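Visitor: The structure that follows is given in the form of structure tokens.
The values are calculated or read from the model by the stated rules, or taken from the named source; none is laboratory data. Small disclaimer: the values here were computed from a predicted structure and weren't measured. Methodologically, a virtual Cβ is constructed for each residue, glycine included, from the backbone with ideal geometry; neighbour enumeration extends over all protein chains shown. Note: accessible area is taken over every heavy atom of the protein model, side chains too, but ligands, DNA and RNA are not part of it. Shrake-Rupley method; radii C 1.70, N 1.55, O 1.52, S 1.80 Å.
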Amino acid sequence: MLAENQAIRLDEIEATPLRDVLINESDWQANLNYCQNCGKCLSVCPLHGYSEWDPRRAVRMVLLGMEKEVIDSDFIFQCTTCDRCTLVCPMGVRIGSLVTRARSMRKREDVPGGSQKTADLHRTIGNNMQIPTDEWIETIDWMKEEVQDDIPDLDFPIDKQGADFFITINSKLPQYYPMELQCIYKIFHAAGVSWTMPSIWWEGTNYAMFAGDLDTWEYTLRQQVKRVEELGCKYMAYTECGHGYYATMAGYKKFGIKPKFEVIHKVNLYAKWLKEGRFKLDPSRNPQRVTLHDPCNAGRKAVLEGFADIMEDSRYVLRHVCPDFVEMWPNRENGYCCSGGGGALISGFAKARFHYGEVKVDQIDRTEAQLVCTPCVNCFDAIDDLAKEYQRPWKAIHLWALLANALVFEKS
Amino acid sequence: MDTKERIGVFIETGDPQVAESLTQKELDNIFPKNGDVSVFRGESWTDADAPARIGRLCATEQIGQAVVCGPSVGSGLIPEWIDGENGQAAIALSAAAIREQCAWVEKDPATRAAKARRIVEMAVARVRGAAPVEFSTVEADRTVAVIGGNHAAFQMSAVLLDAGFPVTLLQTEAPAGCFYPLPSELVQRVRSHPNLCHVENVEIDSLQGLVGAFCIRVCGAKENTVYPAGAMIVAVDAQTRPLELGAELDKSDLVISLREYGQSVVAGKLDRKSVCIWIDRDGLDRRCAGQAALSFALEHARRGGHPVLLYRQIPVYGAQGQVLYDDARTAGVTVIRYDEQNPRFEPSADSLRVTITDTILTDRVLSLQTDLLVAPAPVTPSATHAWLATLLRQPLDLDGFLQPGNVRHRPVSSARRGVYFIGGCHDQCDPAQAALEVQAVLAGLKAELPSGEINVRSQKIVIDADKCAACLTCYRECPHGAIRPNQAQHRMDFLDAACWQCGICTAVCPGRALEYGGLSLSQMQATLEVAAREFMGHAPIIAFACRQSAVLAADAAGAAGIELPTDVLFVDVPCAGMVSDQLILDALEQGSRGVIVIGCHHDNCRSLWGSDLARKRLERVADALETIGAGSERIRFHSLAANEPRRLANILSRAVDEMPAGRIGERGKENEKNVS
């Protein structure tokens, strides 16, 4: 027990901006006042037990006015923003909002790791990796040529006015995994829809949300919307990304953006086209055992916010392209963080990631799968990092890769 | 044979399982045409107008007793009779609830049919020879006696007077109110009502009688006076001790009571002030203190004040419950929960410094400055509580307050018809809570005392006066106040209007002078004889199932498709307390493998201690069996709730696995020779 002179004087806390905004702004409504201190949130939190911090503690401290400590803590940046806490809270307290809002109250220079820098890059040129437009177009075309060796009639325009689908891509793809672009081309080609690759504002991620940089978050969304509307596209086909999809859908609501087009996640498109019979498939081309990781942002958090999730559609597609698909447990809304959520991949808390990542490793081990399908680029990297750290033989794979691999194209 | 003694068996064929298990051929085998049983197969005998149809058939076919065989019997509560048609006497009813015993969860059709057959045979044996069901009418006084002097007492009186009930208000204490002051307009309105008989400074000497005819004797300065009433409503406040916070704080002007806090907030005296409300100082405060603290703090916060509530536990059951807690916190009341260590208060000239450790943030000390400290007076039971409990012959709760925490009777009822507990019986009086309780009592009274007469089934308990030694055992054990000594005739009187027909008295009578009306010992023995016959090659286990617990749980099990073991047969009883030593031994003697008695959990028994009696009785019988070398493993007692079907399945399966095989009763073997 600490001595009296170390007591925190609650009545001497002057300003409580975090508490005020959480309680008053219905948009961020966390209803902290309803917290019963029951502890369900901490029992499902991946970070529980790693340090003395947990969601309940953070809520308690904010309620009592001790919010500076919360804003300055490592906890809010170690947090994976998976929202498992929000899911289980019996009083409906949106604990996840607390973390994002707290992040936004840090000064720019105090945001740990690379999230802020990445957000700034996104703002300047329209993508995280600061890939200039001409380089981007070069990469698109290069990959198109590769595909055309096998599928000569595959072609698509760049910046086509009035195309139905505007494609977004994670900037990691052209930078690190350009071959994956080929999978995307094949799928859209097989679907027989009208689509176009944009030359700018094609970025599918949004690290501004991770950094708590609300201004950049809004700016980048609006720029992208402007570009899509300029091209007059009906749909934005959202790349296999979790947080980007969430940042977009939740961001539109939060910032009052009303686009003239509809956003559809690629996984939902694959399932739709599959049901419409647009694909000819040979699942024997994917003989390995595959399990599925449900990205939090496009799964649980989509359900909590009320927009379309990808959980059932992922499974629908997998069952058609993989003869040996097994579920890990728990899954769907009850699934567990890949270990890279909330910007954790670049915020510098690797030790924490690998600590709670053990649960993920165990989940995957039990399925005895060789491949972990992750319809999210960050989850993909996180799972591959876990495999390396824990020396496991399994590895991550995108859903587009499994689908594209199973597609049968008639030789003309 | 007297044609009136035919038994009607009504088979509900609408359910395919039942139809399949009890075909016409099967039934002709069980009940030959020259016997006393008529079988009626029909689509449904358990829907809403079924009783009327059954009644008409019984009238035309001259049937005196009926058995209804369906998947379950309505909600699981088995009625004991069906009203007769056109002036005919009511028909005693037994139920063969096939699903309740999971006859059709049995996978094998032969087993299913055999079980259904056994269940029907048991039901017929049970109802054969049932005494006619008769009714009588007694006069009822509609005056309601309200005992007490707090909010609840006055609210109750007001509501009753408005509803046309004459009220006798026996004020045992000066109207004070504890946390909430008593509104004088309410007191005036009640006191000035022409139908009110008001007596102040009352000391109750005795409370006797039954619903419709209570008799309250009061000690007065001059002579004892008697007040008659049809119902009694107890609304006495608990006591409060003075605040004792320690020398320094007790002297300080900065410490006020919870009541004063409430009044000051409403009067606008504390609008900008910060206040610390400290509850659970000596352990846990009663619910009323927490709820009063929350409502005053909520109002204070709405007026710009800064209340901080320090607590160990805030019970949120009752009228406002969780909503009040949520509203208070949303309005800005800070709540801090402490645990082992009490908070510390240091008064200075015009404020207090409070030091506390929150139960979540245990690694730090919190402190704040406050203008005032508010503490509720500790609430304790008063001597009146104990005295009234003695007079009413009802138990106190664990803390010594009136009306124990038995879910069957809370919030307002008791085990005695016409006796209610409201307001501060187990807490201080909370006017919002009292307002709801008062409405609940009014609804109860309208059902119990609808007019100047009460219509009641007569002969609920039948006494053989020759065997009665007037030992008063039944009187002492009756939880419902339904037995009265008749000194002139050296026997006991059974008060039908007060009787709940639990059957406890029949089981405790040392002279075996009492029988349950409509279910005599010979009827029970006939049922046990059928039940104990060999079933599917084994001696079956007989489970005496209480209707408030095991029977409902078995029905739930059937509905959920949970399997209950084949070898267990249910004999339903109104209360586990009715299962006497004699019935247990009889069940074994007839040739069953073992006996299980299932009653409600402790403190859940409608008849207060019926279940506990059964448990102790079984222990004694087990000891006796052990002593004579017959082994105690063949009898078991379990308590159960109606919503525990899986636990029921568990209990029965374990019994089937663990009880010794075979039988110890000789009579069963003889019977088998006679049954071909």
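Visitor: Determine the per residue accessible area of chain B with all protein chains present and a 1.4 angstrom probe, expressed in square angstrom. Don't skip to the answer; put the middle values down first.
Guide: Working: 27450 Å² over 676 residues.
Accessible area per residue, chain B: 41 Å².
Visitor: Taking springs between alpha-carbon atoms closer than 10 angstrom, which of A:E389, A:E180, A:E14 fluctuates most in the Gaussian network model of chain A?
Guide: Per the Cα network of chain A with a 10 Å cutoff, A:E14 tops the list.
Visitor: Set the Förster distance to 30 Å, then compute FRET efficiency between B:R654 and B:D464 from the Cβ-Cβ distance, nearest 0.05. If you can, show how the numbers build up before the last one.
Guide: Values: r = 40 Å, r/R0 = 1.32.
Approximately 0.15, to the nearest 0.05.
Visitor: Heavy atoms only, probe 1.4 Å: what % of the accessible area of chain B goes to carbon and sulfur, would you let me know?
Guide: Carbon and sulfur atoms account for 49 percent of the accessible area of chain B.
Visitor: Determine the shielding of peptide B:359-365 by partner chains: average, over its residues, the number of Cβ atoms on other chains within 10 angstrom of each Cβ.
Guide: Partner-chain Cβ atoms within 10 Å, mean over residues of B:359-365: 6.
Visitor: How many angstrom separate the Cα center of segment A:284-338 from the Cα center of segment B:5-33?
Guide: When both Cα centres are located, 54 Å separates them.
Visitor: Is there a simple number for the mean count of other chain Cβ atoms within 10 Å of the Cβ of residues in A:32-39, and what is it?
Guide: 4
Visitor: Another question about this same structure. On the protein heavy atoms, probe 1.4 angstrom, tell me the percent of accessible surface of segment A:10-106 carried by carbon and sulfur. Before the final figure, lay out each step's value.
Guide: Working: 1650 of 3640 Å².
The computed percentage sits at 45.
Visitor: Pairing the Cα long axis of helix A:377-389 with the longest principal axis of chain A, what angle in degrees results, from 0 to 90 and rounded to the nearest 10?
Guide: 80
Visitor: Express in nm, to one decimal, how much length is gained between B:E61 and B:N195 on full extension, taking 0.36 nm for each residue of separation and deducting their alpha carbon distance.
Guide: Details: separation 134, 0.36 × 134 = 48.24 nm, distance 5.29 nm.
Stretched out fully, the B:E61 to B:N195 stretch lengthens by 43.0 nm.
Visitor: Per residue, what accessible area does segment A:116-406 have, given a 1.4 Å probe and all protein chains present, in Å²?
Guide: Working: 10980 Å² over 291 residues.
I get 38 Å² per residue for segment A:116-406.
Visitor: Expressed as a whole percentage, what fraction of the accessible surface of segment A:116-406 belongs to carbon and sulfur atoms when a 1.4 Å probe is rolled over the protein heavy atoms?
Guide: On the way: 5260 of 10980 Å².
Looking at segment A:116-406 in its full context, I get 48 percent from C and S.
Visitor: While we're looking at this one, here's another question. Kindly provide the helix-only [θ] at 222 nm of the protein assembly as shown, computed as the sum of -39,500 (n - 2.57) over DSSP H runs of four or more divided by all residues, to the nearest 500 deg cm²/dmol?
Guide: -11000 deg cm²/dmol
Visitor: Further question on the same structure: Would you give the gap between the C-alpha center of segment B:195-269 and the C-alpha center of segment B:316-392, rounded to a whole Å?
Guide: Value for the Cα centre distance between the two parts: 24 Å.
Visitor: Would you rank A:H189, B:H151 by solvent-accessible area, highest first, keeping every protein chain in place and using a 1.4 Å probe?
Guide: Correct descending sequence by accessible area is A:H189, B:H151.
Visitor: Now a separate question. Taking 0.36 nm per residue of separation and subtracting the Cα-Cα distance, what length does fully extending B:S351 through B:T330 add?
Guide: The B:S351-B:T330 span can extend by a further 5.0 nm.
Visitor: Report Rg (one decimal) and Dmax (nearest whole number) for segment A:166-263, counting Cα atoms only, units Å.
Guide: Computed over the Cα atoms of segment A:166-263, radius of gyration and Dmax are 13.4, 40 Å.
Visitor: In addition: With each label point set 7 Å from Cα along the Cα-Cβ vector, what nm distance links A:D74 and A:R285?
Guide: Calculated label separation equals 4.6 nm.
Visitor: Right, another one. Need the C-alpha centroid separation for segment A:51-84 versus segment A:206-229, integer Å.
Guide: 25
Visitor: Shifting gears a bit: Going by a 1.4 Å probe on protein heavy atoms, which residues of segment A:48-76 end up with at least 50 Å² less accessible surface in the whole assembly than in their chain alone?
Guide: When all protein chains are present, A:R57, A:R60, A:L64 each give up 50 Å² or more of accessible surface.
Visitor: Got a sec? What order do B:K33, A:K272 fall in by accessible area at 1.4 Å, biggest, i.e. largest, first?
Guide: Reading off the accessible areas and sorting them downward yields B:K33, A:K272.
Visitor: Chains A and B: buried accessible surface, both sides, probe 1.4 Å, rounded to 100 Å²?
Guide: The contact between B and A buries close to 2100 Å².
Visitor: Another one. Among the trypsin sites (Lys or Arg not before Pro) within segment B:255-316, which fall in a DSSP loop and have no more than 12 other Cβ atoms within 10 Å of their own Cβ?
Guide: B:K269, B:R272
Visitor: Follow-up question, since we're still on this one. Short version: which residues of segment B:366-415 lose at least 40 Å² of accessible area, all chains versus chain alone, 1.4 Å probe?
Guide: In segment B:366-415, residues shielded by partner chains: B:L366, B:S367.
Visitor: Net charge near B:D271, counting Lys/Arg +1 and Asp/Glu -1 over other residues with Cβ under 14 Å of its Cβ?
Guide: On the way: positive: B:K269, B:R272, B:K273, B:R302, B:R303; negative: B:E299, B:D371.
Combined, the nearby Lys, Arg, Asp and Glu give +3.
Visitor: Got a sec? Charge dipole of segment A:10-106, +1 on Cβ for Lys and Arg, -1 for Asp and Glu; which of A:A58, A:L87, A:V99 is way out at the positive end?
Guide: Going by the Cα projections, it comes out as A:L87.
Visitor: Tilt of helix B:550-560 relative to the longest C-alpha principal axis of chain B, in degrees (0 to 90, nearest 10)?
Guide: Helix B:550-560 and the main axis of chain B meet at about 80 degrees.
Visitor: Select from A:A237, A:S339, B:V37 the residue farthest towards the positive end of the dipole of the protein assembly as shown; place +1 on Cβ of Lys and Arg, -1 on Cβ of Asp and Glu, and compute about the Cα centre.
Guide: B:V37
Visitor: Could you rank A:H243, A:H48 by how accessible they are, 1.4 Å probe, largest area first?
Guide: My answer, sorted largest first, is A:H48, A:H243.
Visitor: In Å and whole numbers, how far do the C-alpha atoms of segment B:107-265 stretch along each principal axis, longest first?
Guide: Cα extents, longest axis first: 83, 47, 29 Å.
Visitor: On to the next question. Give, rounded to the nearest 20 debye, the magnitude of the charge dipole that segment B:224-350 has about its Cα centre when Lys and Arg contribute +1 at Cβ and Asp and Glu contribute -1 at Cβ. Each step should come with its number before you reach the end.
Guide: On the way: 15 positive and 17 negative charges, 68 e Å.
In total the dipole reaches around 320 debye.
Visitor: Run through the DSSP bridge list for the protein assembly as shown and note the antiparallel percent, rounded to the nearest 5.
Guide: 30
Visitor: Next question, about the same structure. Give me the three principal axis extents of chain B from the C-alpha atoms, as integers in angstrom, largest value leading.
Guide: 97, 65, 52
Visitor: Just name one of B:V568, B:L613, B:G129: the one whose Cα is farthest towards the positive end of the charge dipole of chain B (beta-carbon charges, Lys/Arg +1, Asp/Glu -1).
Guide: Selected residue: B:G129.
Visitor: Next question, about the same structure. Is there a quick way to get the dipole size of the protein assembly as shown? I mean about its Cα centre, with the Cβ of Lys and Arg at +1 and of Asp and Glu at -1; what is the value in debye to the nearest 20?
Guide: 840
Visitor: Now for a separate question. In a Debye calculation with equal point scatterers on the alpha-carbon sites of chain A and no solvent, what is log10 I(q)/I(0) at q = 0.06 Å⁻¹?
Guide: So the normalised log intensities work out to -0.25.
Visitor: Here's something else I'd like to know. So if I place +1 on the C-beta of Lys and Arg and -1 on the C-beta of Asp and Glu, and nothing else carries charge, what would the dipole magnitude of chain B be about its Cα centre? I want it in debye, nearest 20.
Guide: Result for chain B is approximately 180 debye, rounded to the nearest 20.
Visitor: Hey, another quick one. R0 = 56 Å: FRET efficiency of B:N486 with A:K254, Cβ-based, nearest 0.05?
Guide: 0.10
Visitor: Still on this structure: Between B:T23 and B:L472, 0.36 nm times their residue separation minus their Cα-Cα distance comes to what? If you can, show how the numbers build up before the last one.
Guide: Details: separation 449, 0.36 × 449 = 161.64 nm, distance 5.12 nm.
Here the segment from B:T23 to B:L472 would lengthen by 156.5 nm.
Visitor: Another question, then. Between B:D493 and B:I628, what is the FRET efficiency for a Förster distance of 25 Å, r being their Cβ-Cβ separation, to the nearest 0.05? Mind showing how you got there, number by number?
Guide: Numbers: r = 38 Å, r/R0 = 1.52.
Calculated transfer efficiency: 0.10.
Visitor: Now for a different question. Across all directions of projection, what mean area in square nanometres is found for the Cα convex hull of the protein assembly as shown? Write out the running numbers ahead of the final one.
Guide: Numbers: hull surface 230.6 nm².
For the protein assembly as shown, the mean projected area of the Cα convex hull comes to 57.6 nm².
Visitor: OK, next. In segment B:358-437, which chymotrypsin sites (Phe, Trp or Tyr not before Pro) fall in coil by DSSP and have 10 or fewer other Cβ atoms within 10 Å?
Guide: Hits after loop and neighbour filter: nothing returned.
Visitor: Which three numbers, in whole Å and largest first, are the semi-axes of the equivalent ellipsoid of segment A:10-106 derived from its Cα gyration tensor as √(5λ)?
Guide: Taking √(5λ) for each Cα gyration eigenvalue gives 19, 15, 13 Å.
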